[in-house]
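One structure is given below, encoded as structure tokens.
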Amino acid sequence: MTQQQDRWGLPLGIGAYLLWGGMPLFFPLLQPAGAVEVVAHRIVWSLLFCLIALAALRQLDDFRAALRSPRILGPLAVAAALIIVNWVVYVYAVLSDRVLDAALGYFINPIVTVLLGVLVLRERLRPVQWIAIAFGAAAVVVLSTGLGGLPWISLCLALSFGLYGLVKNRVGRTVPALPGLAVETAVATPFALAYLVWLGASGTFAGHGAGHSLLLMSTGIVTALPLLLFSAAARRLPLSVIGMLQYLAPVIQFLVGLLVFGEHMPAARWAGFVLVWVALVLLTVDGIRQARNAPKPGPA
């Protein structure tokens, strides 16, 4: 790895998470389009952007190979369904002034990922990880009782993205990030186009001039660009640094919801967030300790 690659790794990673964190500022610009319509546009234009990027990066062969392989296409189709659920719920949260609930979902996501490792992969957890899960469960109880119902947006985002990550992990490293996203959007595009055609035929299409149409088209860039930045950063940075950067996006979303949109933070919500943050500190410290104690690979 060259010095130049080392220097670029952190800015690329920060850029990806800044874009993800700032998305709550973008989606309100697409109103009066609703969450499902926004996601339909996001799918179609993401596929177009991905195909252009694949051609420019000479990765179209990876895309074609994934489409031809049932072993790869099947899991990616499941991943497509999960990420669409995630996108719809996220855009709905932003458009209904519940950005804080969305931020909480992505704070909870690492805890859900650890729990999925136990339930699905039969992994054995260390005591600190169990304590972190207990803090996460306590946060859900506090939020449910203090706010009068389950924080369904947060849980849905955390579960859908956690399961999405699990499915993508099962596919393995055979499909790079950009071709993988292209396959996922290709699987979903016929349904997205059918929905947009239906909206047009029923006269409920949310078109409001050329500027609004361009904003809807730009969802493809907004979706794929941070993924490209993240993919480039992941090749240059240690996994521990990537793990720390993942908290940047929900922190930005939390600040946007609290300071920009002025969403209400009653005591129960503060308590829930604090419990989740304690869980994340425990997971992070435990992960760093394990990484330091891991045996170093010997010479080849």
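Where a number appears in this text, it was derived from the coordinates with a stated rule and is not lab data. Model, not experiment: these values are computed from the prediction. No Cβ is skipped: glycine too gets one built from the backbone with ideal geometry, and neighbour counts run over all protein chains shown.
Computed from the C-alpha gyration tensor, the three semi-axes of the ellipsoid equivalent to the range 140-295 are 32, 26, 16 Å, from longest to shortest.
The residues packed around residue 258, meaning those with a beta-carbon under 13 Å from its beta-carbon, carry a net charge of -1 if Lys and Arg are +1 and Asp and Glu are -1.
Across 20 Å bins from the origin, how do the percents of Cα pairs in the chain run, short distances first? Percent of Cα pairs in each bin: 30, 60, 10, 0.
Taking the inverse of the mean reciprocal distance over all distinct Cα pairs, the Kirkwood hydrodynamic radius of the range 1-151 comes to 19.0 Å.
A Förster radius of 45 Å, combined with the Cβ-Cβ distance separating residue 8 from residue 121, puts the computed FRET efficiency at roughly 0.85. Each Lys or Arg adds one and each Asp or Glu takes one away; over the other residues whose Cβ falls under 15 Å from the Cβ of residue 74, this sums to +3. Packing, taken as the mean count of other beta carbons within 10 Å per residue, orders the peptides 244-256, 185-197 from highest to lowest as 244-256, 185-197. Between residue 225 and residue 145, take the C-beta separation as r, use R0 = 35 Å, and let me know the FRET efficiency to the nearest 0.05. With R0 = 35 Å, the Cβ-Cβ based efficiency is 0.30.
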